[in-house]
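What follows is a single structure, written as structure tokens, with notes after it.
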Amino acid sequence: MTTTGSQIGQLAPEIDLLDGNGERWTLSGARGRVVALFFYPGDETPVCTKQLCSVRDNWARYQQTGAEVIGINTDSIEKHRSFAANHNLPLRLLSDPEGRTVRDYEMKNLIGVRRGVVVVGKDGVIRFRKVVLPIFKPSDDEILDAINEAAK
């Protein structure tokens, strides 16, 4: 039996949050699809903006994988809506104001949210996890490879 946790090989913790449009999104509702979860410190910060704009610029490649691509941090729904509009971001941004999901995925640090990516397979099991220093961003190629591997 697979245990629930935030590490590779474990069943991913459930996510039940509102996005920038105020719509509810659940991880269990995405079962049967690969899901890429982008945890990032904050909207409209230099590295985060660069990271999510890179996802936007590579959006066709992400869409080709069939994966659902999600951004998560503790910013408000309104801040997510504004951030997405300012940068024409195509991915869904989830608001975790209480930090529950951030904690469940061990993406909390002393000053807020760590920068990391978790890829969840169609079966709900974590297949890839990478955390980087806040001043760096994970490469799209590495994430796309992890998504494609999880889809096999």
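The values are calculated or read from the model by the stated rules, or taken from the named source; none is laboratory data. Keep in mind that what you see is a predicted model, and the values were worked out from it rather than measured. Here the Cβ positions follow ideal geometry from the backbone for every residue, glycine too, while neighbour counts run over all protein chains shown.
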Which of the residues that make up segment 134-152 are in a helix (DSSP H, G or I) and of a type outside the set (Gly, Ala, Ser)?
140, 141, 142, 143, 144, 145, 147, 148, 149
Considering only segment 72-82, I want to know if a residue exists there that is within 13 Å of residue 40 (Cβ to Cβ), in contact with a Gly (Cβ under 7 Å, 6 or more places away or on another chain) and either hydroxyl-bearing (Ser, Thr, Tyr) or at pLDDT below 95 (or both).
yes
Would you confirm, using the coordinates I've provided, whether residue 149 is out of contact with any helix residue (DSSP H, G or I) (no Cβ under 9 Å at 6 or more places or on another chain) and farther than 20 Å from residue 32 by Cβ?
no
Looking only at segment 41-64, which residues are closer than 22 Å to residue 127 by Cβ, touching a Leu at 6+ places or on another chain (Cβ under 9 Å) and surrounded by fewer than 19 Cβ atoms within 10 Å (Cβ to Cβ)?
58, 59, 61, 64
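Per-residue answers, yes or no, for (1) within 16 Å of the chain's Cα centre (by Cα); (2) free of Cβ contacts under 8 Å to residues at least 40 places away in the same chain; (3) more than 14 Å from residue 140 (Cβ to Cβ); (4) surrounded by fewer than 19 Cβ atoms within 10 Å (Cβ to Cβ):
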| residue | (1), (2), (3), (4) |
| --- | --- |
| 10 | no, no, yes, yes |
| 19 | yes, no, yes, no |
| 24 | yes, yes, yes, yes |
| 31 | yes, no, yes, yes |
| 39 | yes, no, yes, no |
| 77 | yes, no, yes, yes |
| 90 | yes, yes, no, yes |
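For (1) over 24 Å from residue 89 (Cα atoms); (2) among the hydrophobic types (A, V, I, L, M, F, W, C); (3) in contact with a His (Cβ under 6 Å, 6 or more places away or on another chain), each residue gets a yes or a no:
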residue: 9; (1), (2), (3): yes, no, no
residue: 15; (1), (2), (3): no, yes, no
residue: 19; (1), (2), (3): no, no, no
residue: 24; (1), (2), (3): no, no, no
residue: 29; (1), (2), (3): no, no, no
residue: 36; (1), (2), (3): no, yes, no
residue: 42; (1), (2), (3): no, no, no
residue: 48; (1), (2), (3): no, yes, no
